[in-house]
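Please read the structure below before turning to the comments.
The values are calculated or read from the model by the stated rules, or taken from the named source; none is laboratory data. All values reported here derive from a predicted model rather than from experimental measurement. Every residue, glycine as well, gets a Cβ built from its backbone with ideal geometry; the counts of neighbours run over all protein chains shown. With ligands, DNA and RNA removed, areas are computed over all heavy atoms of the protein, side chains included. Shrake-Rupley method; radii C 1.70, N 1.55, O 1.52, S 1.80 Å.
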Amino acid sequence: QVQLVESGGGLVQAGGSLRLSCAASGDSFDNYIMAWFRQSPGKERDFIAAVSWLGGSSIYADSVKGRFIIARDNAKNTVYLQMDNLKPEDTANYYCAADHKGPITTRVDEYDYWGQGTQVTVST
């Protein structure tokens, strides 16, 4: 098992940047594909980005391509989400997730472990 704790959320103006972090503990971090999802009140949890076990491959939702970058540091057991050019529609609770099975996927039901989330609010 792996435990996940997100940090780095907050309030930012449109056009600004934030970097989210997700620290993992427990099982070996490089056993897991890591991903970020987000969810707004009353809406489904949406895929944002995922990165493969060693960081060599990543995928993104169309809505964030060119603005967000996912990266992992296996030596620090941490995955990051760099978010640039933020928009009000990016406002949501952001969740880190881990999947030990593979292959890399956008499907929320394929991820086994979840953090508690960190709130990102983008003002106009």
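When the residues of region 46-70 are filtered to those that are buried (at least 17 other Cβ atoms within 10 Å of the Cβ), outside any strand (DSSP E or B) and not polar (S, T, N, Q), the one that is modelled with the lowest pLDDT is 53. Within region 71-124, take every residue that is free of Cβ contacts under 8 Å to residues at least 24 places away in the same chain and either of a type in the set (Gly, Ala, Ser) or closer than 14 Å to residue 18 by Cβ (or both) and give me the one that is surrounded by the fewest Cβ atoms within 10 Å (Cβ to Cβ). So the residue we want is 75. Residues that are over 16 Å from residue 108 (Cβ atoms), open to solvent by 20 Å² or more (accessible area, probe 1.4 Å) and in contact with a His (Cβ under 6 Å, 6 or more places away or on another chain) are absent from region 6-27 altogether. Of everything listed in (1) open to solvent by less than 60 Å² (accessible area, probe 1.4 Å); (2) over 30 Å from residue 124 (Cβ atoms), the single unmet condition for residue 3 is (1). Residue-level check: of (1) charged (D, E, K, R); (2) free of Cβ contacts under 8 Å to residues at least 40 places away in the same chain; (3) in a strand (DSSP E or B), residue 38 misses just (2).
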